[in-house]
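Comments concern the structure below.
The values are calculated or read from the model by the stated rules, or taken from the named source; none is laboratory data. Keep in mind the model is a prediction, meaning the values are calculated, not measured. Cβ: placed from backbone, ideal geometry, glycine included. Neighbour counts: every protein chain shown.
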Amino acid sequence: MNFSNEFKPQSLASTHVPAYAKEALDCIDEHSPLGKTLQKAKEQLRLQSILEESLAQIGLESLINQVHASEYKASSTDWLLLALSPAISHRLQQKLPSLIGALKKHLPDLQIVQVKLAPQLKANSASRVKTESVAAPAELPVSAMTAWQKLYEEIKDDPEQDALRLAIERLLAHQSTKK
């Protein structure tokens, strides 16, 4: 028995949407939370492509993957760009007048562009600092202990060597508590 003509899975169905259904789908997209998220994502991609094109126009193609566009609202006249490192942020600050000129071709209401470090960079830079755990000092060999004790006995009564005597006392006391 052949079901290929009778059964058609949804994934293989025609992608043509009738006119009456298109209006309903558009309404769902506009009024559901996922529709708003999808619209924001599309707008973000559009802004990122505008930024990439503008960077290429002013000769900063190498920074395309290093700079991200934040949300830009048409009602606002300023836009925030997020750089992945302080060096890139500084370079963009230097080229900001040229960048604004290139961006105005696509966003005519744009007047102010701010460049800041991306938040994830700040979190990552703290984790990059190596924190080395300080290992407990090893026990002194017997020969070293006897040498320190001998030196301690020699300077025990000398008032000029008080600081050295106290340091040796602490060393010997610390070594004796380890055993």
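Of note:
- Residue within region 48-60 that is surrounded by 11 or more Cβ atoms within 10 Å (Cβ to Cβ) and either touching a Ser or Thr at 6+ places or on another chain (Cβ under 8 Å) or assigned to a loop (DSSP other than H, G, I, E, B) (or both) present: yes
- Inspection of region 150-160 finds no residue satisfying the criterion of being within 23 Å of Arg46 (Cβ to Cβ), surrounded by fewer than 16 Cβ atoms within 10 Å (Cβ to Cβ) and at pLDDT below 90.
- With respect to (1) over 30 Å from Ala24 (Cα atoms); (2) free of Cβ contacts under 8 Å to residues at least 12 places away in the same chain, the lone exception for Arg46 is condition (1).
- The residue pairs whose first member lies in region 138-165 and is without any contact (Cβ under 8 Å) to a residue 60 or more places away in the chain and at negative phi, whose second member is of a type in the set (Lys, Arg) and loosely packed, with under 10 Cβ neighbours inside 10 Å, and whose beta carbons are closer than 9 Å, counting only pairs six or more residues apart or on different chains, are Glu139/Lys179.
- Flag for Leu82 being free of Cβ contacts under 8 Å to residues at least 60 places away in the same chain and loosely packed, with under 15 Cβ neighbours inside 10 Å: no
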